[in-house]
Amino acid sequence: MAHDDVLEPDYLRNCIELLDQHPEIVIVHSRSQVIDEEGQQIGTYDDQLRLKSSSVCDRFRRILWAGYFSEFFGVMRASCIAKTHMHGNYAGSDRNFLAEMVLQGDVGYVEEYLFQRRDHGKCFCRSQTDKVSRLKWYDPNVKRASLVASTTGLLKWKLYLQAIFGYQISLSDQVGCLLALSEWAWHRGLETIKGTGEQFRSTVVNQYHKLDRQSTIEQPIVAAD
């Protein structure tokens, strides 16, 4: 979390309780609100795509296409973190890190607003608006920043591929993850070339929102009162 984000007093206790109750879960986070510089609520992240799924390859596909993912600020199992490549010094490394985490287990949610993310003009996503500036923020000593920034997508793809084969998941899950990665690489590459933004991401997220709303079989895990 950023230095000016806010955790409610019960955040850690509730998240840890959920982790203790469900060994299949590797990350727990709560519902999240957005606050401004003065601490006033200006929104929520209720519309963000949740990463929870009993399917390994479905979780992997979800993190590939999620827009904003506050699960990165959640409570995680140290034993699972230790198996990852950690957070890298390149833009988007938080997504690669979470991809490695969800390959190891599921994500749980505390259904209370216990996390507040502060949004203002000086926060990273607003003050660093292009690939080069974001890369330099992560790695101030980087050389040939423009070239390195332009190849970040290839680096991320390589690390995703390594992750798929780096964890003990079934062959069918590996195939599913490879299909999801191929889909991601194709559409992200095509949209980058065409300069059409992230239209396919919006399509996938909307599809998942519809599926999650319609699902009556698998319900979110919630913390006990």
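The values are calculated or read from the model by the stated rules, or taken from the named source; none is laboratory data. Here the structure is a predicted model, which is why all the values come from computation and not from measurement. Here Cβ is always computed from backbone atoms with ideal geometry, including for glycine, and neighbour counts include all displayed protein chains.
Quick look at the values:
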read-out: Verdict on PHE97 being assigned to a strand (DSSP E or B) and either in contact with a His (Cβ under 8 Å, 6 or more places away or on another chain) or in contact (Cβ under 8 Å) with a residue 24 or more places away in the chain (or both); value: no
read-out: Residue in region 166-173 that is in contact with a helix residue (DSSP H, G or I) (Cβ under 7 Å, 6 or more places away or on another chain), part of a helix (DSSP H, G or I) and modelled with pLDDT of 90 or more present; value: yes
read-out: Where a residue in region 167-195 is within 16 Å of ASP58 (Cβ to Cβ) and its partner, wherever it lies, is assigned to a helix (DSSP H, G or I) and among the β-branched types (Val, Ile, Thr), with Cβ under 6 Å and at least six apart; value: ILE169/VAL56; ASP173/VAL56; GLN174/ILE164; CYS177/ILE164
read-out: Filtered residue count, region 61-113, keeping only those that are over 26 Å from ASP130 (Cα atoms) and either among the charged types (D, E, K, R) or touching a helix residue (DSSP H, G or I) at 6+ places or on another chain (Cβ under 9 Å) (or both); value: 20
read-out: Count of residues meeting criterion [touching a Lys or Arg at 6+ places or on another chain (Cβ under 9 Å) and farther than 13 Å from TYR90 by Cα] in region 131-156; value: 0
read-out: ARG134 vs. criteria in a helix (DSSP H, G or I) and modelled with pLDDT under 80; value: yes
read-out: Count - residues of region 101-123 that are out of contact with any strand residue (DSSP E or B) (no Cβ under 8 Å at 6 or more places or on another chain) and surrounded by fewer than 24 Cβ atoms within 10 Å (Cβ to Cβ); value: 4
read-out: Lone unmet requirement of (1) more than 25 Å from TYR90 (Cβ to Cβ); (2) not in a helix (DSSP H, G or I) for THR196; value: (1)
read-out: Among (1) surrounded by 16 or more Cβ atoms within 10 Å (Cβ to Cβ); (2) more than 24 Å from HIS29 (Cα to Cα), the one test that ASP139 misses; value: (1)
